[in-house]
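The values are calculated or read from the model by the stated rules, or taken from the named source; none is laboratory data. Treat the numbers as computed from the prediction; the structure is a model and nothing was measured. Cβ placement follows ideal geometry from the backbone for every residue including glycine, while neighbour counts extend to all protein chains displayed. Keep in mind that these areas ignore ligands, DNA and RNA; they rest on the heavy atoms of the full protein, side chains included. Shrake-Rupley method; radii C 1.70, N 1.55, O 1.52, S 1.80 Å.
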Amino acid sequence: MATWLLNHDPTAAATARRHTRRTLTDWNVNEDTAYAAELIVSELVTNAIRYGAPPLKLRLIKNRTLTCEVHDNSATSPRLRHARTVDEGGRGLFIVAQLAQRWGTRYTADGKTVWSEQTLPTPASPHSEPTAGSVQ
């Protein structure tokens with residue numbers, strides 16, 4: 001598990017992406033999952049800056065799944081919107097929903113945590129049989 005406090009300003013999303021990339025590299029998370037996690041974290045942090053209240057906290061948890069959590073001190077509920085082609089915003093949670101296996105909101109006494117879960121690929125066993133078309 002890794003946790004960071006983030007500044008409540010426009011640079012927080014970039015800072016959160018850097019923390020996420022570095023941590024997932026250290027945890028040996030595959031490139032596709034790490035890239036999706038960076039996008040998810042960026043969207044969740046951006047929403048927290050736009051609609052939430054400080055302080056902001058990012059937490060990553062690697063277990064059977066990869067969980068990304070962003071906490072802020074507002075109880076305002078995030079909404080999944082379907083932006084029109086001409087809309088400049090409104091796609092953040094839609095992107096999260098497309099990239100994550102599951103996502104949701106958990107309310108606490110001091111605000112809310114918006115979370116997402118991504119499936120982690122199962123590492124191949126060194127004793128597993130090769131599949132058709134695989135190269136040894």
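Just a few scattered comments:
- Residues in region 6-32 that are touching an Asp or Glu at 6+ places or on another chain (Cβ under 7 Å) and open to solvent by 70 Å² or more (accessible area, probe 1.4 Å): Arg17 alone.
- Any chance Ala75 is at pLDDT 95 or above, surrounded by fewer than 16 Cβ atoms within 10 Å (Cβ to Cβ), farther than 16 Å from Thr119 by Cα and not acidic (Asp, Glu): no
- Given (1) open to solvent by less than 40 Å² (accessible area, probe 1.4 Å); (2) modelled with pLDDT under 90; (3) over 18 Å from Asp9 (Cα atoms), number of the condition Arg81 does not satisfy: (1)
- Residues of region 33-62 that turn out to be modelled with pLDDT of 95 or more and open to solvent by 80 Å² or more (accessible area, probe 1.4 Å), as a count: 3
- Restricting attention to region 86-136, the residues that are more than 17 Å from Ala37 (Cβ to Cβ), surrounded by 10 or more Cβ atoms within 10 Å (Cβ to Cβ) and modelled with pLDDT of 90 or more total 7.
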